[in-house]
Amino acid sequence: MPDADAPRRVPTRPLAIAAVGLVAIVGLSLLGRALPRAETWERSAGAVLVSSWAPYWQPEASIESFRSNARLFSDVSVVAYSATSEDSIALYPQLSDTMIPSFREAARDAGVPVLATIFDDSPAGTMAAVLADPGRRTVHVDRIMEIVAAGGTDGLGFDGVDLDYERFAFADGRSTWATTRPNWIAFLSELSTRLRPLGKLLVVSVPPVYDAGQTDASGYWVYDYAAMGPLVDRIRVMTYDYSIPAGAPGPIAPISWVEQVIESVTALVPPSKIHLGIPTYGYDWVVDVAGTCPADQTPESRAMSTARAARTVTERGLIAMWDDATAERRFDYVDELSGLDAQGSPTSCAVTRTVRYLDAEAIHRRTWLAHRSELHGVALWALGNDDDRTWDGIRAAVDGQPEWGDITVTSATGPGAPGTGATGTGAATTELAG
């Protein structure tokens, strides 16, 4: 598998849930309960399926990952379009001319629909204003329909769209949510009415909610899950970024929190419409710096792909501890940096780092949760961050195996209180550490 380390989007305005709620559900963890004997329970739906985003910034790694595992997929989304106003939805200039045709060919061979992911990259308040105006909203719908019909670098269009419109949650401010909430539904209703007669898919990727209310404890209630359900084909729930680089080190998607989200959203939307977001990455935090670092090597916390984390453990001879409480991995290491300071004199520093991430075992457990909870599938952020063992774990979960892999090296830190993440893939971009 090629090096899949690359940029990803992280949240800028997270919304924490109540720590009390997390503590209360730790003891009710599905993984911790006594499960029915295998022969007494059978998944009523078909096999849990995979969807994923293919980022324009890592075309080779993402297409190789997809080709090797396409038979597991329900659909695949190429991160291709940036929306900045009602009529401006443009291909990212960094998107290669060959990426969409390559995915189209590979997906056709496997019978998998190819969707265009559209990110809302507009200034704060812009898209909310578009959706609030019926005329501007229709212009926006028209532009999306043009992309579906004849978009892409090859002009052949798509099998549907995935809308990643997060500015409402992370840029506009909570005071706008009550107004934006019904306008978002009106927009989806208009778009759905246009797409469905053509047999095109409508997918939305949104942060989670924790109940049907509109309180501080309700999560990102600007997205009305119950109203979205009848209008869309799938909802990809962003169950990741519980902790982010800008905050304190912590879990990326603690298993008890993931279970709470599943319980909450399936009370509002049929499980057959839900794809559980699973991160194929983690974060590498700076926790201490001793000495004076070179002027051109400022230590920063950063993202790290699942594949890179596995290589780092191997290359440095480290031990990645399994945390039973969060069902994630962690390891610590020290970077020794040397070079010149701002005055041109030799200098050096020791940077202590801690890494929290999801490995193949962690991804397996969340995929199994989707299987056991009768969800339609899982959504991986993102293709190319994974490694071969990631897919071994997914296949084991699809086959209904609740236990898989090696978690003999353990620790027990617990999920703690929500950090500044929880959750979303907001407007900022960082590097997955190489």
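Couple of notes before you dig in:
- Cβ crowding within 10 Å ranks PHE170, PHE187 as PHE170, PHE187, fewest other Cβ atoms first.
- Förster radius 51 Å - calculated FRET efficiency between GLU105 and SER345, Cβ distance, rounded to 0.05: 0.35
- Dipole check for the chain: with +1 at the C-beta of Lys and Arg, -1 at the C-beta of Asp and Glu, and the Cα centre as origin, the magnitude is about 940 Debye.
- Helix-only arithmetic for the chain: the sum of -39500 (n - 2.57) across DSSP H runs with n ≥ 4, divided by the residue total, places the mean residue ellipticity at 222 nm at -9000 deg cm²/dmol.
- If you run the Gaussian network model on the chain, springs between alpha carbon atoms under 10 Å, then out of LEU188, LEU340, LEU201 the most flexible one is LEU340.
- Residue among ILE235, ILE363, ILE407 farthest towards the positive dipole end of the chain, charges placed on Cβ: ILE235
- Calculated Rg/Rh (Cα atoms, Kirkwood Rh) (choose from (i) 1.12; (ii) 0.99; (iii) 0.96), label: (iii)
- Each of THR193, THR352 was scored by other Cβ atoms within 10 Å of its Cβ. Arranged with the fewest first, they read THR193, THR352.
- The length gained on full extension between ASP399 and GLU315, counted as 0.36 nm times the residue separation minus their Cα-Cα distance, comes to 27.0 nm.
- Label positions at ALA150 and SER338, each projected 7 Å from the Cα along the C-beta direction, are separated by 6.2 nm.
- Of the peptides 154-162, 378-386, the order by per-residue mean of other Cβ atoms within 10 Å, starting with the highest, comes out as 378-386, 154-162.
- Estimated FRET transfer efficiency (VAL287, ALA124; beta-carbon r; R0 45 Å; 0.05): 0.90
- Under the criterion of Cα pairs below 8 Å and six or more residues apart, the relative contact order for the range 207-328 equals 25 percent.
- With the highest mean first, a sort of the peptides 400-408, 276-284, 367-375 on other beta-carbon atoms found within 10 angstrom per residue produces 276-284, 367-375, 400-408.
FYI, it's all coordinate maths here, none of it is from the lab. Bear in mind that the values here come from a model prediction, so they are computed numbers and not experimental data. Reconstructed Cβ throughout: ideal geometry from the backbone, glycine too, with neighbour counts over all protein chains shown.
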